[in-house]
Every structure is written in structure tokens, then in C-alpha cells.
1. Keeping to region 39-50, report how many residues are under 20 Å from residue 28 (Cβ atoms), touching a helix residue (DSSP H, G or I) at 6+ places or on another chain (Cβ under 9 Å) and either modelled with pLDDT of 85 or more or part of a loop (DSSP other than H, G, I, E, B) (or both).
2. Kindly evaluate residue 30 against the criterion of being surrounded by fewer than 12 Cβ atoms within 10 Å (Cβ to Cβ) and either under 19 Å from residue 67 (Cβ atoms) or modelled with pLDDT under 90 (or both).
């Protein structure tokens, strides 16, 4: 019984590590996209202030959330 519980716990923790790692890249993509938008979009002041950083962090978090939701849905099936 103990071996089965250890295997299940190991599988869950490995799945959690994989899920966490797969969310890093989408977060960074969203963060950089937000910063690039605020840094180079014509008509906006070309200054990255605290608000732009905050919005970029939120955009990165939303991108990560969307990516993980999509991958979880594809793993579970239609």
C-alpha cells in the first residue's frame, strides 16, 4: 500500500513540476510583449513607468493562465 501511495504522490509532484515549468515561457512572452508595447508603440510616451510594468506583469499572468488552461484541456480530452 505504501509503494502505491508513493508512486501516486511522485506522479502528482512530477506533473506539478512539469506544469509549473511549462507556464514560465508564456509568462515571459506576455511580460515582454507588454513592455515592448509600452516602450515602442507610437503615440505613447516612450517611458516604462510603474503602471506599464504592472500591466505587463498582469498580461504575463493572464498569458500563463490561458496557456495552462489550454494545455490542461488538451490533456483531459474533448
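1. 1
2. Against the criterion (surrounded by fewer than 12 Cβ atoms within 10 Å (Cβ to Cβ) and either under 19 Å from residue 67 (Cβ atoms) or modelled with pLDDT under 90 (or both)), residue 30 does not qualify.
The values are calculated or read from the model by the stated rules, or taken from the named source; none is laboratory data. The structure displayed is predicted, hence computed values, not measured ones. Cβ coordinates were reconstructed from backbone atoms using ideal geometry, including for glycine residues, and neighbour counts include every protein chain displayed.
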